[in-house]
Structure formats: structure tokens, C-alpha cells
Amino acid sequence: MSEQIYTFRDPSFNINQAYYYTLLIQLSGGYFSYAITYKKQLIAWDTNCNLAELSNPQELAEELNATYKKVVVGLPTDSFTLIPTPLFAKNQIANYARLLDVKQEDRVLAQSLDDKNYIIYKVDEKILSAVQRFDLNNAVYSYKGWITAAAQNNPGSQDIYLHAENGKAEFLNFKNGSIRYYNNFDYKNEEDLAYYASFVVEELGLLPQNTHLKLSGSIKPEDKYSSRLADFYQHVTFFNPPLLDVPEQINATQILTLAALSLCGSLEVL
């Protein structure tokens, strides 16, 4: 496996051609990562950028002040709920928000997650202020792209998609092509991750020997996390769909959720 890098510029990158490019931004905590793509080619990428650069670009002024063909911003949250589309009503968002631990500094957003579900989630007002200049209608739930990529992977009812990164584990399961289960948990070590995987499998009424775990994120083949999961599950593989053409020196799993934002379009923020 190639050594991970954290910044990249393709020789073909020309900011004067930005109108033909797509800008993808993903926020996490006090930092953000971004990618610039041309069609399916990754031509620029940076990670762990200071959040202040979004609202007042200095080091990244050239990249962030350009006019792009398309912009997608992935917003983080630590609390969300899903509402089936037939049950969703715009005038009920305040009532849905009661299911979340909303604080004074939070703002509640509602958007379509797929054709059968709306996601109601809270976002820190500071984060929204930082990305306001990009138009909130270009903002989506941070893992919407990853969920879309999994849905396009012909998922079976025995498949559980597990994305683990920065101490947060996302679990996703489908039935007949529709989301059956989606939740996330905080984890500190491989025992935590194995415990939550077992919890989800039991919750879904699946048998460990028939369950297929499809891993992504910071988990690597034969590391302590994937090895511990393999102690319980016979079918453990890695989910790394070819979303963008990336150079050999970049580990595609390192930018999966950021690259997956390329599958998202503009949505009305409610």
C-alpha cells in the first residue's frame, strides 16, 4: 500500500479553468478537506485545512474564491433522525427536531437523503456561517454521498456497510435496495467497534456467519480493527468504489466520503 499523502496538485490543474471544475468540501470538527475535480479526474486535494479559510480565505484564496461549475459541501452532525418521505412535512420540522439534542448554538436542517427518506440533522451555527458563502443549497449531509455509493453497489440484505473514521463508526444496511438501517456510534478501540457491529447484526436479526461486512474509512487490511472483526465474521471485505480517477500515490479509501460527494447534487435546505 502506498504511503498516505495529504495534499495533491495535478500538473493539469489550472485555476483559470475553474468554471469547468467541481469543488467538493467536507467539514469535520474545526477542519475541512476539499477536492477539485474535472469530470471524474481528481486534480487538486487538501485535507486538515483550517475552518477559518472557508469564510476568509488566505492561504487557499485562489482555490476557494474561484467560480466553479458545481460546488458540493458536506456538513457534519452528531445527531440526526430519518423520516420516511411519505410522512415528511415541512411544517413539522420543529417537531422532528425534538428527537435531537438541539442546543442554542445549533441549527436544524432537513433534506432529502434518498428517494424514500428525509434526514433531519443539527449543525453548529459556526459551521454554517463558515460555508454560507457557498450557498446552503449546495450543502448536503456529509455521508449522503457514501450512502448513495453503497446504494449503487447492488447491496444485499446480508450486507452491512461500515465506515469507521476519527472515532465514529457509520453502519448502513439495505433491504430491496432501500435503507433498512442507518446509525452511527463513537468508538475508541477495536473492541468497541466489534461490539457495535455485533449489536447492529443482532438488531437486524442477521446471523454472523451469513453477514457480509463491507469496510471503509481508516480501517486497513489486517490492522487491529479489521482483524478483530474477522474473528466474528467470515465475510469481511473493503468497499472502495471507483468514484474518481486518483493518482497511485493517493490511497482512494482515504478520500472515499469526500469523493462520494461528487454523486450529490444541489438540494433545497429546509
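When residues in segment 147-173 are screened for being open to solvent by less than 10 Å² (accessible area, probe 1.4 Å) and touching a Ser or Thr at 6+ places or on another chain (Cβ under 7 Å), 3 of them pass.
Taken residue by residue, segment 86-94 has no member that is in a strand (DSSP E or B) and open to solvent by less than 40 Å² (accessible area, probe 1.4 Å). Looking only at residues that are of a type in the set (Lys, Arg) and not in a loop (DSSP other than H, G, I, E, B) in segment 95-146, which one is most open to solvent (accessible area, probe 1.4 Å)? Looking at residues that are of a type in the set (Lys, Arg) and not in a loop (DSSP other than H, G, I, E, B), I get Arg98.
Could you look through segment 4-28, keep only residues that are assigned to a loop (DSSP other than H, G, I, E, B) and free of Cβ contacts under 8 Å to residues at least 60 places away in the same chain, and pick out the one that is surrounded by the fewest Cβ atoms within 10 Å (Cβ to Cβ)? Across segment 4-28, the extreme among qualifying residues is Pro11. Of the residues making up segment 51-74, those that are in contact with a Leu (Cβ under 9 Å, 6 or more places away or on another chain) and acidic (Asp, Glu) number 2. Of the candidates Tyr31, Tyr38, the single residue that is aromatic (Phe, Trp, Tyr), touching a strand residue (DSSP E or B) at 6+ places or on another chain (Cβ under 8 Å), modelled with pLDDT under 95 and surrounded by 12 or more Cβ atoms within 10 Å (Cβ to Cβ) is Tyr31. Filter segment 67-78 down to the residues that are surrounded by 17 or more Cβ atoms within 10 Å (Cβ to Cβ) and either over 24 Å from Lys168 (Cα atoms) or of a type in the set (Gly, Ala, Ser) (or both) and list them by number. Selection gives Tyr68, Val71, Gly74. Taken over segment 227-236, the criterion of being touching a residue at least 12 places away in the same chain (Cβ under 8 Å) and open to solvent by less than 70 Å² (accessible area, probe 1.4 Å) is satisfied by Ser227, Arg228, Leu229, Tyr233, His235, Val236.
The values are calculated or read from the model by the stated rules, or taken from the named source; none is laboratory data. What you see is a predicted model, and the numbers here were worked out from it, not measured in a lab. Don't worry about glycine lacking a Cβ; one is built from the backbone with ideal geometry, like all the others, and counts go over all protein chains shown. Note: areas computed on protein heavy atoms with side chains; ligands, DNA, RNA excluded. Shrake-Rupley method; radii C 1.70, N 1.55, O 1.52, S 1.80 Å.
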